[in-house]
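**Student:** Here's a structure for you.
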């Protein structure tokens with residue numbers, strides 16, 4: 001570890017997060033399920049394979065355009081199960097609440113969680129509540145854990161060992177909406193163009209994708225954004241990734257804020273996007289299928305797996321050049337989930 005103290009950058013999803021995970025958590029928790037480093041752990045039971053995941057949400061502000069901490073907590077956990085090839089079934093939820101927090105706001109958050117769980121077809125079956133003294137947390141933190149049944153055809157999907165050169169990379173819409181919606185709300189920016197978080201449960205969209213087949217890998221590009229997700233996929237592999245900047249959609253308002261404040265949208269968090277790596281012969285059908293779904297209307301092919309530059313991610317830029325994509329260092333935008 002380069003630092004003896006935990007810093008905001010350790011929660012970024014970038015290089016510092018990776019260092020912390022490898023040098024502390026994996027070092028002491030190492031086991032075959034954990035070492036896959038997927039969004040969910042996948043394990044065998046007498047009834048087949050199951051996926052299990054957990055996440056803690058500390059977003060600030062609690063309410064933002066397009067969502068709130070409650071909707072985010074449910075959707076984020078549902079998506080981590082879904083990209084592991086699982087059918088989400090049950091959630092737990094734990095609340096850490098600061099003394100003095102209004103019951104009316106808590107109820108609003110819980111209603112939002114209930115609504116999103118109903119949309120996703122998942123049940124919240126257990127939970128826990130802790131209250132801490134004023135000043136010992138920032139209003140409310142929520143932990144959600146989820147469990148789901150893994151489709152037989154999705155076994156070892158999280159390993160990434162099905163990926164091969166020629167596979168196409170698809171995303172179901174524009175990037176960086178969530179991170180910039182949080183940024184706008186947190187700083188009360190007066191932006192004419194509406195910027196809404198893309199926060200949504202993607203399990204139904206992913207279910208439709210499985211009907212097409214040919215899926216070799218999936219990941220939701222949350223903290224660290226699309227760029228970090230691509231780096232994690234290619235790292236230490238015998239293949240490389242090429243992304244096409246001209247095909248990666250960024251909404252005008254999002255692009256404007258990024259340019260003003262110096263953010264690269266490739267590294268900004270998303271909460272309603274899935275990156276699919278699909279066999280080339282299935283790519284067109286997959287794209288057509290995703291576009292029929294409300295959460296996939298703007299789906300596009302944004303890159304491909306290549307035999308050249310193994311272990312690296314290259315971005316083919318709109319001006320005809322190319323640049324290497326690497327993990328971000330430090331914290332781009334804290335507390336976005």
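Values quoted throughout were computed directly from the atomic coordinates according to the rules given, and no laboratory measurement underlies them. Quick caveat, the model's predicted, so the values are computed rather than measured. Don't worry about glycine lacking a Cβ; one is built from the backbone with ideal geometry, like all the others, and counts go over all protein chains shown.
**Student:** Here are a few candidate values for Cα extents along the principal axes in Å: [x] 57, 54, 46; [y] 70, 54, 32; [z] 65, 64, 38. Which one was actually calculated from the structure I just gave you?
**Tutor:** The value computed from this structure is option [x].
**Student:** A further question on this structure: Distance from a point 7 Å along Cα→Cβ of residue 159 to each backbone N in the range 52-90: keep the residues under 19 Å and list them by number.
**Tutor:** Under cut-off, by backbone N: 52, 83-86.
**Student:** How would you order 320-327, 309-316 from highest to lowest mean count of nearby Cβ atoms within 10 Å? All intermediate terms of the calculation are to be shown ahead of the outcome.
**Tutor:** Numbers: 320-327: 13.0, 309-316: 17.8.
Those peptides, ordered most packed to least, come out 309-316, 320-327.
**Student:** Can you give the relative contact order of the chain as a percent, counting alpha carbon pairs under 8 Å and 6+ residues apart?
**Tutor:** On the way: 751 pairs, mean separation 82.2, N = 337.
Contact order relative to length: 24 percent.
**Student:** Find how many whole Å separate the alpha carbon centroid of the range 94-160 from the alpha carbon centroid of the range 39-89.
**Tutor:** 9
**Student:** Follow-up. To the nearest 500 deg cm²/dmol, what mean residue ellipticity at 222 nm is calculated for the chain from DSSP H runs of n ≥ 4 alone, each contributing -39,500 (n - 2.57), summed and divided by the residues?
**Tutor:** Value at 222 nm, helices only: -8000 deg cm²/dmol.
**Student:** Here is a follow-up. So how long is each side of the range 61-178 along the principal axes, counting just the alpha-carbon atoms, biggest first, in Å?
**Tutor:** 55, 30, 26
**Student:** Work out, step by step, the length gained on full extension between residue 45 and residue 207: first 0.36 nm times the residue separation, then minus their alpha carbon distance; give nm to one decimal.
**Tutor:** 56.1 nm
**Student:** Order 1-14, 136-149, 221-234 from most to least packed using the mean count of other Cβ atoms within 10 Å.
**Tutor:** With the highest mean Cβ count within 10 Å placed first, the list reads 221-234, 136-149, 1-14.
**Student:** Given axes a ≥ b ≥ c from the Cα gyration tensor, I'd like to know whether the range 125-212 is rounded (a/c under 1.5), prolate (a/b larger than b/c) or oblate.
**Tutor:** Here the range 125-212 falls in the oblate category.
**Student:** Report the convex hull volume per residue for the range 185-317, counting only C-alpha atoms, in Å³.
**Tutor:** 118
**Student:** How do 304, 153 rank when sorted from fewest to most other Cβ atoms within 10 Å of their own Cβ?
**Tutor:** The order, fewest Cβ neighbours first, is 153, 304.
**Student:** Let me ask something else about it. Given that compact globular proteins tend to follow 2.2 N^0.38 Å, what is the ratio of the alpha-carbon Rg of the range 11-92 to that value?
**Tutor:** Against the compact-globule rule of thumb, the ratio is 1.26.
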